[in-house]
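These notes are about the structure you will find just below.
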């Protein structure tokens with residue numbers, strides 16, 4: 001798996017001229033870091049008498065954050081796997097009507113698949129954001145800054161993945177499908193950004209005094 005390796009190795013591959021990992025994998029990685037930070041805050045909260053009233057919620061957050069983190073690791077691979085046939089499709093010949101028709105048929109599928117993969121990253125990160133909101137409210141104040149960092153990373157992951165949606169929908173001839181996918185991405189950005197920025201503002205207000 002792309003993220004199942006030494007972090008420096010991942011960074012070296014990301015920095016290279018290889019087509020994958022790219023922005024999608026980096027966005028998934030960023031989202032997984034956000035989920036891991038949500039887990040960190042929860043782990044620093046669990047068992048503390050001061051937060052006993054939230055213990056059941058904290059345990060649920062721990063379970064769900066781990067699930068989302070693992071899902072994002074898998075989605076980094078899904079994004080890379082969707083890119084390979086897209087790159088191949090762009091090199092298909094288009095010298096005859098038959099070749100053009102076949103190329104358009106292939107492009108329709110691979111562009112859709114390459115758009116869905118980062119959209120799934122966005123949807124998963126949006127679920128992570130809900131956990132970050134909750135842990136920022138119920139988690140230990142000693143880890144408040146970590147909740148803020150989680151929110152920043154989650155917003156970056158969300159917006160980063162959206163660019164991989166938009167670059168592919170831009171090439172779609174089926175504009176109805178493109179508009180539908182774009183609308184979903186824009187809605188996720190609007191909701192997620194509002195939530196993460198609210199968390200960041202609350203954290204800053206409590207820390208900057």
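Quick check: anything in segment 108-115 assigned to a helix (DSSP H, G or I) and over 22 Å from residue 77 (Cβ atoms)? The answer is yes, given that some residue of segment 108-115 is assigned to a helix (DSSP H, G or I) and over 22 Å from residue 77 (Cβ atoms).
Hey, can you tell me all the residues within segment 51-100 that are touching a residue at least 60 places away in the same chain (Cβ under 8 Å) and farther than 30 Å from residue 19 by Cβ? Correct list: 51, 54, 57, 58, 61, 64, 65.
Residues checked against (1) surrounded by 13 or more Cβ atoms within 10 Å (Cβ to Cβ); (2) more than 25 Å from residue 161 (Cβ to Cβ); (3) modelled with pLDDT of 95 or more:
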site	(1), (2), (3)
11	yes, no, no
16	no, no, no
25	yes, no, no
35	yes, no, yes
43	yes, yes, yes
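Does residue 120 fit the bill of being over 22 Å from residue 27 (Cβ atoms) and surrounded by fewer than 23 Cβ atoms within 10 Å (Cβ to Cβ)? Spelling it out, it is not the case that residue 120 is over 22 Å from residue 27 (Cβ atoms) and surrounded by fewer than 23 Cβ atoms within 10 Å (Cβ to Cβ). Inside segment 145-186, residues that are more than 16 Å from the chain's Cα centre (by Cα), buried (at least 18 other Cβ atoms within 10 Å of the Cβ), closer than 15 Å to residue 34 by Cβ and touching a residue at least 60 places away in the same chain (Cβ under 8 Å) make up a count of 2.
Please tell me if residue 136 is crowded, with 23+ Cβ neighbours inside 10 Å, out of contact with any strand residue (DSSP E or B) (no Cβ under 9 Å at 6 or more places or on another chain) and within 28 Å of residue 86 (Cα to Cα).
Details: crowded, with 23+ Cβ neighbours inside 10 Å: yes; out of contact with any strand residue (DSSP E or B) (no Cβ under 9 Å at 6 or more places or on another chain): yes; within 28 Å of residue 86 (Cα to Cα): no.
No; evaluated as a whole, the condition is false for this residue.
The values are calculated or read from the model by the stated rules, or taken from the named source; none is laboratory data. Since the structure is predicted, the reported quantities are computational estimates derived from the model, not experimental observations. Neighbour counts run over all protein chains shown; Cβ positions are idealised from the backbone, glycine included.
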